[in-house]
Amino acid sequence: MPLTKDLTKFTTASPAIATFSYVDLINGLGYETFYSTVSEDNAATSYLLVPITDRSAEKTVPSTGAGTEYNFDSSVFNEPRTVKGTAYLSVETHIAAGTLTLAVILYKVTAASAEVALSSTITETGDNATNTINFITLPLTETLIQSGEKLRLSITATSSGGTDGIVGTDPAGRASGSLTDCTNKLSVPFKIDR
């Protein structure tokens with residue numbers, strides 16, 4: 001005998017099932033991964049933080065002697081979240097001669113476009129004529145990111161020794177010139193409320 005219509009609906013539980021990693025729950029943190037990428041159209045070049053590993057319009061960005069700053073922005077958050085713990089950035093760089101120095105800082109950008117530092121500026125230097133895999137730790141200040149705000153990864157790339165270097169910016173990890181993997185990966189910890 002079939003059930004009556006009123007007994008075929010969910011009446012005691014939600015039809016959605018949320019799943020979490022046991023380790024994330026115990027630690028109270030869940031990491032979200034972002035990739036630095038370059039988007040180009042006829043009007044402008046944009047530097048973005050995206051959660052997907054699609055191809056970038058440019059596999060690398062150059063460093064210069066004067067220092068070039070790149071601001072990679074995420075899309076705005078739909079729900080408030082709190083950053084807490086240590087973020088990790090992994091990026092490959094190359095310079096033919098001299099050194100290439102990265103100065104990295106993570107910000108939140110408010111709806112009014114104000115930058116609020118989530119970390120201090122961390123510097124990392126790559127050696128002459130080598131590919132350098134930079135693994136940078138960014139200790140974060142516990143900070144609420146409101147709905148309508150976004151993350152900004154700021155990388156200033158400075159070359160010395162008379163040649164420009166390159167910094168990988170391809171989520172798909174394609175090779176370019178001397179770089180074997182142009183992925184620029186940022187892992188950000190968000191607080192899990194229990």
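Quick look at the numbers
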item	result
Residues of segment 67-96 satisfying the condition of being at positive phi and either surrounded by 15 or more Cβ atoms within 10 Å (Cβ to Cβ) or at pLDDT 95 or above (or both)	G85
Of all residues in segment 183-194 being part of a loop (DSSP other than H, G, I, E, B) and more than 14 Å from the chain's Cα centre (by Cα), the one that is nearest to V38 (Cα to Cα)	I192
Verdict on G126 being under 18 Å from N184 (Cβ atoms), in contact with a Gly (Cβ under 8 Å, 6 or more places away or on another chain) and surrounded by 12 or more Cβ atoms within 10 Å (Cβ to Cβ)	yes
Checklist (1) of a type in the set (S, T, Y); (2) closer than 25 Å to G30 by Cα; (3) in contact (Cβ under 8 Å) with a residue 24 or more places away in the chain applied to T156, failing item	(2)
E40 under 20 Å from S176 (Cβ atoms), surrounded by fewer than 15 Cβ atoms within 10 Å (Cβ to Cβ), of a type outside the set (V, I, T) and at pLDDT below 95	yes
Failed criterion for I26 (all others in (1) within 26 Å of P139 (Cβ to Cβ); (2) touching a strand residue (DSSP E or B) at 6+ places or on another chain (Cβ under 6 Å); (3) aliphatic (A, V, I, L, M); (4) not in a strand (DSSP E or B) hold)	(2)
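The values are calculated or read from the model by the stated rules, or taken from the named source; none is laboratory data. In this text the structure is predicted, and so the values were computed from the model without any measurement. Positions of Cβ are generated from backbone atoms using ideal geometry, with glycine treated the same way; all protein chains shown enter the neighbour counts.
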